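Structure first, commentary second.
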Amino acid sequence: MKTKKEKKLNIRPASAWFLIAPILVVHFVTIAVPSAAGLYFSFTDWSGIGSAQFIGFENYKSFLEDDRYLGALKNNIKWLIFFMTVPFAMSLATAFLLSQVKRGTFFYRLVYFIPYVLPSVIVGTLWSFLLEPDAGITLFLRNVGIPGFDKALLGQESTSLWTIAFVDNWHYWGFLAIIMLIAMQSIPTELYEAARIDGATLRQQFKYVTIPGIRPTLVFMIMMTAIWSFLVFDYVQAMTQGGPAGSSEVLATFIRAIAFEEFSAGRAAAAGMSMTLFTGIILAIFLTMKKRGWEI
């Protein structure tokens with residue numbers, strides 16, 4: 001005969017499933033079903049209205065010869081390279097310097113974090129006005145004699161994507177700095193004291209104490225930034241809509257355009273699935289690194 005304790009242990013799994021059942025149902029309805037539908041429609045010729053005609057892998061094959069799609073993918077890769085370097089360099093340096101500050105840290109955290117919580121559409125629109133060649137920041141910089149600001153930065157094919165990346169970085173790097181600062185403050189102070197006793201400079205402390213101490217947070221944020229780089233949409237859409245001449249178009253704006261302007265929902269679904277593939281590859285890389293002993 002089972003004891004009272006054993007009966008309780010037998011009840012716990014059923015109770016756990018009962019408690020998480022509503023979450024699973026919501027997930028199934030809002031995530032699993034639309035994902036399965038998107039996967040199916042990616043193999044069809046469908047305008048978004050009426051019946052869909054199954055065409056197999058034709059949508060995916062068409063992307064291999066679609067200069068617009070390949071250009072958008074190339075811009076996403078450029079975006080990835082930019083955000084894997086510039087904001088991380090800025091945030092790591094700033095967070096390390098802030099970790100040395102003893103007073104006013106809350107104020108600095110607030111100042112750096114505020115841009116991240118501002119609505120992206122509003123920020124993008126405001127920066128579009130500020131970057132007008134005959135007004136705002138560009139006019140001021142041109143008047144003080146700084147070269148390179150005598151043109152519309154958002155209106156030039158060579159500068160449009162990097163200008164949007166600058167604006168997105170303006171809102172993102174402060175948030176990243178705060179995340180890094182919190183991770184740095186969890187490092188035992190004894191390690192820094194021991195490094196100082198051994199004569200380590202600030203640069204050496206950063207290299208041999210700080211970086212190893214925040215490696216899990218650093219690697220995780222690198223992974224998330226890589227994934228977000230393939231999901232970028234709001235700043236590009238708000239500032240250029242992918243123009244001029246597709247020079248700033250990314251995969252997300254490409255999907256919006258072919259779905260709602262060309263009414264090719266099947267191809268849009270296929271492009272969306274390709275974005276899922278790229279993010280899956282990134283996750284697979286980091287999972288492989290974790291299995292090999294990396295602290296993630």
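Of all residues assigned to segment 245-263, at least one qualifies as being at pLDDT below 95 and over 26 Å from SER120 (Cβ atoms). Scanning segment 178-209 for residues that are more than 24 Å from the chain's Cα centre (by Cα) and assigned to a helix (DSSP H, G or I) yields a count of 18.
Across segment 121-136, which residue is nearest to PHE233 (Cα to Cα) among those that are surrounded by 14 or more Cβ atoms within 10 Å (Cβ to Cβ) and among the small types (Gly, Ala, Ser)? Among them, the one singled out is GLY124. Among the candidates PRO87, PRO34, single out the residue that is assigned by TED's automatic domain parsing to the domain that holds PHE220 and either closer than 19 Å to PHE263 by Cα or surrounded by 14 or more Cβ atoms within 10 Å (Cβ to Cβ) (or both). Of PRO87, PRO34, the one residue that is assigned by TED's automatic domain parsing to the domain that holds PHE220 and either closer than 19 Å to PHE263 by Cα or surrounded by 14 or more Cβ atoms within 10 Å (Cβ to Cβ) (or both) is PRO87.
The values are calculated or read from the model by the stated rules, or taken from the named source; none is laboratory data. Model, not experiment: these values are computed from the prediction. Note that each Cβ is placed from the backbone with ideal geometry, even for glycine, and that neighbours are counted across all protein chains shown.
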